[in-house]
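The values are calculated or read from the model by the stated rules, or taken from the named source; none is laboratory data. Model, not experiment: these values are computed from the prediction. Reconstructed Cβ throughout: ideal geometry from the backbone, glycine too, with neighbour counts over all protein chains shown. For accessibility, only protein heavy atoms count, side chains too; no ligands or nucleic acids. Shrake-Rupley method; radii C 1.70, N 1.55, O 1.52, S 1.80 Å.
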Amino acid sequence: MNNKWYSGMTTTEDWWAVWLGLIMFAASVTSLGGFDLTGWMAKPETWVWGDFSLEGILHSSTAGWHPALSLLTTYLVFTTLTCLAAWMMKFDLKQFFISWSLLFSMTWIIWIIGNEAHFKASVYDMDKYGLSWGLSLGTGFSYLLALLVGLIIGNFFKPTARFLNEAAKPEWFIKTAIVFLGIKIGAMSIEATGFITELVLTGIAATFVAYMLFWPIVYALGRRVFHLSRDAAAVFSSGISICGISAAIATAGAIRARPALPVFVSILVVIFAMFELIILPGFYTAVAPESPIVNGSALGLTVKTDGADAAAGAMLDELMRANAETNLGIVWKEGWILMASLTTKIWIDMFIGVWTFVLALVWVYKVERNPGQSKIGLMEIWHRFPKFVLGYLLVWLLYIMLASGGTEVAATLHEAAAAVEGPMRNMMFMLTFLSIGIITDFSKLKGMGKLAVLYAVALFGIIAPIAYVVAWIFHRGMMPPVA
């Protein structure tokens, strides 16, 4: 039980996402004192088939470092930090270390392959790389490739997948990436304050409207059409309407639902997140190529796990920018479509504590009509509040405060922080895609026909269409800055 306000600070993935994000941000801040504690981070470069060399595919920000040394340092730093976290969270440390090392190696191999110019380079860069053809998929191809490899392992090499599960933690990886993203949002806020303010305010409004529509409609559908019990309908509605697994678990705890219910819903959330991840970014890019912010917000309202939403948002950002450059002749700045998706999702996450608190009150004082059964304290909101959001907001605000100290300070901080919000964040995205695929086992859908049908109907027949309408109402006409 979470009895103290500080419970879980060293034993949960949520908090460790905050600590990893703050550690790397603090390392970048030391640049203001003349230190370089982030330049060791390796970064894959675009390369051409037939012209392969280590110096050509990897880059280090630290002058004079060989790429192999940079990659080795990257492995050692992140292995040390993640193993420390795994030890504190009481994982099987030996298995975690081996699994993490395998995931890290696969991630970088896939990432390097995905950066081959025929897959990545835009149409305007083909002459630069001497290409006669190319897919122009940007970084999105690396994400798709990582997801595909993960799915193959998760569904055709299940003993390997079970072994890798000890380190395949997509929620942890993506939450860490989101804290890293706070740096980029800080830089973007300085660059375009008015746009960010408008995006945040419209994101709050869209989230509020979505809450008021999604949950009651899905609850009514579950009760009246699929004849679910009250607790099953409530847990299911929170899972698909709010933020997936965490909402299902929080709701089940708040209303004292049967323990098996959040497990069933969690399986469906993970499986269907895969369909959302595969279908929605490409679908939105194809049908609405000139509505980038609407698409990003709709994605944030529709995809129900933080990992899948951030991953899908990153893929949408890459696909839409590559499509706009190829077909519209516009080069949008990187990250703004992703931010639209994440901003909406983060507001949803922030309200989960309040929402489950309200549900708990309704269940105790209305549904169960037994006021003496339990007392709900305000501390419940704190314990159910997603802590990585605090890390994201803290890094965002600290970056703005520090960068406001003058032009020279801002330039120094921006250069050092670029390694965190760039290659470190992208590496976490790659680990997320690979891990999502590894933990996804489509065979688990067997025996869950009724709930699976309800989930599919609710997701594609209710959530996705309403989400797009709401996103269009609040974000229509908003466009990312041109690079």
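Matching residues to (1) open to solvent by 30 Å² or more (accessible area, probe 1.4 Å); (2) in contact with an Asp or Glu (Cβ under 8 Å, 6 or more places away or on another chain):
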site	(1), (2)
A146	no, no
V149	yes, no
F163	yes, no
E166	yes, yes
T193	yes, no
E198	yes, no
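Please determine, by comparing only the residues of region 468-477 that are β-branched (V, I, T) and under 24 Å from the mean Cα position of the chain (by Cα), which one is most open to solvent (accessible area, probe 1.4 Å).
V469
Collect the residues in region 449-483 that are part of a loop (DSSP other than H, G, I, E, B) and either modelled with pLDDT under 85 or closer than 23 Å to G140 by Cβ (or both), keeping them in residue-number order. Before the answer, list the steps.
We begin by selecting, within region 449-483, every residue part of a loop (DSSP other than H, G, I, E, B); these are 476-481, 483.
Result: M478, M479, P480, P481, A483.
Test of understanding: among P480, P465, which residue is more than 21 Å from the chain's Cα centre (by Cα) and either closer than 24 Å to F195 by Cβ or surrounded by fewer than 16 Cβ atoms within 10 Å (Cβ to Cβ) (or both)?
Values: P480 fails: more than 21 Å from the chain's Cα centre (by Cα).
Being more than 21 Å from the chain's Cα centre (by Cα) and either closer than 24 Å to F195 by Cβ or surrounded by fewer than 16 Cβ atoms within 10 Å (Cβ to Cβ) (or both) holds for just one of P480, P465, which is P465.
Please specify each residue of region 427-448 satisfying the condition of being outside any loop (DSSP other than H, G, I, E, B) and open to solvent by less than 10 Å² (accessible area, probe 1.4 Å).
Scanning region 427-448 gives M427, M428, F429, M430, L431, T432, F433, L434, S435, G437, I438.
List every residue pair whose Cβ atoms sit under 9 Å apart, with the two residues 6 or more apart in sequence or on different chains, where the first one lies in region 33-45 and is aromatic (F, W, Y) and the second, anywhere, is part of a strand (DSSP E or B).
Correct list of pairs: W40/S60.
Among the residues of region 213-250, write down those that are open to solvent by 50 Å² or more (accessible area, probe 1.4 Å) and modelled with pLDDT of 80 or more.
L213, P216, I217, R223, R224, V225, H227, R230
Among the residues of region 445-466, write down those that are among the small types (G, A, S) and over 12 Å from I217 (Cα atoms).
Correct list: G447, G449, A452, A456, A464.
Can you tell me which residue within region 267-298, out of those that are among the polar types (S, T, N, Q) and closer than 13 Å to R476 by Cβ, is most open to solvent (accessible area, probe 1.4 Å)?
Residue satisfying both the conditions and the ranking: S291.
Can you pull out every residue in region 67-81 that is surrounded by fewer than 18 Cβ atoms within 10 Å (Cβ to Cβ) and within 20 Å of F429 (Cα to Cα)?
L72, T73, Y75, L76, T79, T80, L81 - these are the residues of region 67-81 that are surrounded by fewer than 18 Cβ atoms within 10 Å (Cβ to Cβ) and within 20 Å of F429 (Cα to Cα).
Conditions (1) touching a helix residue (DSSP H, G or I) at 6+ places or on another chain (Cβ under 6 Å); (2) assigned to a helix (DSSP H, G or I), marked per residue:
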| position | (1), (2) |
| --- | --- |
| F195 | no, yes |
| E198 | no, yes |
| I204 | yes, yes |
| F208 | no, yes |
| W215 | yes, yes |
| L228 | yes, no |
| A232 | yes, yes |
| S238 | yes, yes |
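Pick from region 396-406 the residues that are hydrophobic (A, V, I, L, M, F, W, C) and in contact (Cβ under 8 Å) with a residue 12 or more places away in the chain: which of them is surrounded by the fewest Cβ atoms within 10 Å (Cβ to Cβ)?
Step by step, filter region 396-406, then rank; the result is L397.
When you check A419 against the structure, is it part of a helix (DSSP H, G or I), open to solvent by 30 Å² or more (accessible area, probe 1.4 Å) and either closer than 24 Å to M41 by Cβ or among the acidic types (D, E) (or both), yes or no?
The answer is no for A419.
Might you let me know whether region 82-105 holds any residue that is among the acidic types (D, E), at pLDDT 80 or above and either more than 25 Å from L338 (Cβ to Cβ) or open to solvent by 30 Å² or more (accessible area, probe 1.4 Å) (or both)? Outline the logic, then answer.
Here is the first cut: in region 82-105, the residues among the acidic types (D, E) are 92.
Within this subset, residues satisfying the condition of being at pLDDT 80 or above are 92.
Within this subset, residues satisfying the condition of being either more than 25 Å from L338 (Cβ to Cβ) or open to solvent by 30 Å² or more (accessible area, probe 1.4 Å) (or both) are 92.
Yes, there is a match, as at least one residue in region 82-105 is among the acidic types (D, E), at pLDDT 80 or above and either more than 25 Å from L338 (Cβ to Cβ) or open to solvent by 30 Å² or more (accessible area, probe 1.4 Å) (or both).
Within region 142-162, can you find the residues that are within 14 Å of L434 (Cβ to Cβ), of a type in the set (A, V, I, L, M, F, W, C) and not in a loop (DSSP other than H, G, I, E, B)?
The answer is L144, L145, A146, L147, L148, V149, L151, I152, I153, A161.
Among the residues in region 28-37, are any of a type in the set (A, V, I, L, M), within 22 Å of the chain's Cα centre (by Cα), within 28 Å of W396 (Cβ to Cβ) and modelled with pLDDT of 90 or more?
no
List the number of the failed condition for V409; all other conditions in (1) surrounded by fewer than 17 Cβ atoms within 10 Å (Cβ to Cβ); (2) touching a residue at least 60 places away in the same chain (Cβ under 8 Å); (3) under 30 Å from W363 (Cα atoms) hold.
(3)
Residue pairs, Cβ under 6 Å, 6 or more apart or interchain, first in region 210-232 and in contact (Cβ under 8 Å) with a residue 40 or more places away in the chain, second among the aromatic types (F, W, Y). List them.
If the second residue must be among the aromatic types (F, W, Y), the pairs left are G222/F236.
Taking W49 as the residue in question, decide whether it is more than 19 Å from A146 (Cα to Cα) and either in contact with a helix residue (DSSP H, G or I) (Cβ under 6 Å, 6 or more places away or on another chain) or part of a helix (DSSP H, G or I) (or both).
no
Within region 314-340, take every residue that is of a type outside the set (D, E) and outside any helix (DSSP H, G or I) and give me the one that is nearest to the chain's Cα centre (by Cα).
Pass one, region 314-340, residues of a type outside the set (D, E): 314-316, 319-324, 326-333, 335-340.
If we keep only those that are outside any helix (DSSP H, G or I) as well, we get 329-333, 335.
Numbers: G329: 29, I330: 26, V331: 24, W332: 21, K333: 19, G335: 13 Å.
Here the answer is G335.
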